[in-house]
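Written below as structure tokens is the structure these notes are about.
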Number of protein chains: 2
Amino acid sequence: MEALRKMIQEKGFGIGHDIVKVDMFLNHTIDTKLLFKMGEAWAEEFRDAKPELVLTVEASGIAMAVAAAHALGDLPVVFAKKSNTSVLSSETVQAGVYSFTHKTQNTIRIDRKYLPEGTRVLIIDDFLADGQAVHGLLSLCEQQKAEVVGVGIAVEKGFQEGGKKLREAGIHLKSLAIVDGIEDGKIILRPDDD
Amino acid sequence: MEALRKMIQEKGFGIGHDIVKVDMFLNHTIDTKLLFKMGEAWAEEFRDAKPELVLTVEASGIAMAVAAAHALGDLPVVFAKKSNTSVLSSETVQAGVYSFTHKTQNTIRIDRKYLPEGTRVLIIDDFLADGQAVHGLLSLCEQQKAEVVGVGIAVEKGFQEGGKKLREAGIHLKSLAIVDGIEDGKIILRPDDD
């Protein structure tokens, strides 16, 4: 998506070989104008799949899920909560998510009644690297027998395995920008496919 | 605000004397249609104060901040991050926030460069009870010499002290719904003032 790619090139920067810093417009400060354009881009990609609900995980996915849901006609948004406890109640469903960035194992959970069986779900998140967070969200949907119609990502790290694995699994994935690598602090973006 | 009050009466419920459950439309599932109406209501209240930035704290404040920022002409949103560490770097400013609900002391922090001196700030959050989270956000603004032009809240617990203290301090506060108490699981709302 051109507007996001342009912003990444103008304002984003890389650290080391794998850290993509975009918190000046995406996940600490949010450029709201860009955000709603991103929502439109996901809506265009996934409208025909007729999602009924947008699912994300707190915290930085929330703004993007809201923008996508808005562009799709104000769908409900459900965000999974991060939890330090692994105690499962009968009312919640949970999945483990390992963070390679923070080297921590988290549990994400939702209240079962907010993800009913058969719901057509669009998953939205800010980053896709190794795919742990998306796999956690997919697991929640699978446990609830909800139907995932697509996965929308803002920034995919194309040099990690998450996106490749999702595509190989036949999941309809749309990443608005794909980073192929970082060279001397500069973010190298993959040429746009649309 | 009528639409929020109606939703609280129809779908919300109380637990014990002080827990207001609204996670079926506000802070776990988000009713996006209602969310953007709430954004409009805050924008109407605060537009004349000419805010330049909307500040909130992760996670459940983010959706509301985005809606308010959108209605105010796509202002930037900055969300403070919750942090378990109290180690302060030269790049961040932080404040302590005690959670009476979870009986925990948290630190919230932002990157200094995203809250420049002199910025006119609108603070948005989902709940106002004892006011700890808002006071943390006010503290961040004060440390950065940013100017708080108002505080917009979705649900104020009118039976706790947070709102009263902010009004007494002369802060322009707009709570879209005020809960006066809980009786047998029913949420008692204060009559609307607008």
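The values are calculated or read from the model by the stated rules, or taken from the named source; none is laboratory data. Being a predicted model, the structure only gives us computed values, none of them experimental. For neighbour counting, all protein chains shown are included, and Cβ atoms are generated from backbone atoms with ideal geometry for every residue, glycine included. Note: areas computed on protein heavy atoms with side chains; ligands, DNA, RNA excluded. Shrake-Rupley method; radii C 1.70, N 1.55, O 1.52, S 1.80 Å.
Scanning region A:98-132 for residues that are touching a helix residue (DSSP H, G or I) at 6+ places or on another chain (Cβ under 7 Å) and surrounded by 19 or more Cβ atoms within 10 Å (Cβ to Cβ) yields A:Ile108, A:Ile110, A:Leu115, A:Val121, A:Leu122, A:Ile123, A:Ile124, A:Asp125, A:Asp126, A:Leu128, A:Ala129, A:Gly131. Evaluation of B:Glu52 against the conditions (1) under 22 Å from A:Phe79 (Cα atoms); (2) surrounded by 14 or more Cβ atoms within 10 Å (Cβ to Cβ) shows that the sole unmet condition is (1).
A residue that is within 14 Å of chain B (Cβ to nearest Cβ), over 23 Å from B:Ala67 (Cα atoms) and in a strand (DSSP E or B) can be found somewhere in region A:111-125. Against the criterion of being of a type in the set (Val, Ile, Thr) and within 11 Å of another protein chain (Cβ to nearest Cβ), A:Thr92 qualifies. Are there any pairs, at least 6 apart or on different chains, whose C-beta atoms fall under 6 Å, with the first in region A:92-111 and free of Cβ contacts under 8 Å to residues at least 40 places away in the same chain and the second of a type in the set (Lys, Arg), and if so, which? Pairs that qualify, where the first residue is free of Cβ contacts under 8 Å to residues at least 40 places away in the same chain and the partner is of a type in the set (Lys, Arg), are A:Thr92/A:Arg109; A:Asn106/A:Lys82; A:Arg109/A:Lys81.
Open to solvent by 10 Å² or more (accessible area, probe 1.4 Å) and under 10 Å from the mean Cα position of the chain (by Cα) - does that describe any residue in region B:133-153? Yes, region B:133-153 contains a residue that is open to solvent by 10 Å² or more (accessible area, probe 1.4 Å) and under 10 Å from the mean Cα position of the chain (by Cα). Selection of region B:165-182 for residues being assigned to a loop (DSSP other than H, G, I, E, B), touching a residue at least 24 places away in the same chain (Cβ under 8 Å) and farther than 17 Å from B:Ala68 by Cβ yields an empty set. Being polar (S, T, N, Q), more than 13 Å from chain A (Cβ to nearest Cβ) and under 21 Å from B:Asp192 (Cα atoms) is the requirement here; does B:Gln9 meet it? Yes; evaluated as a whole, the condition is true for this residue. Each residue in region B:36-70 was checked for being among the hydrophobic types (A, V, I, L, M, F, W, C) and modelled with pLDDT under 95, and 1 of them qualify. Tallying residues that are away from chain B (no Cβ under 14 Å), open to solvent by 10 Å² or more (accessible area, probe 1.4 Å) and within 15 Å of the chain's Cα centre (by Cα) within region A:21-49 yields 2. Restricting region B:64-80 to residues that are over 23 Å from B:Thr29 (Cβ atoms) and more than 7 Å from chain A (Cβ to nearest Cβ) leaves a set whose member that is farthest from the chain's Cα centre (by Cα) is B:Gly73.
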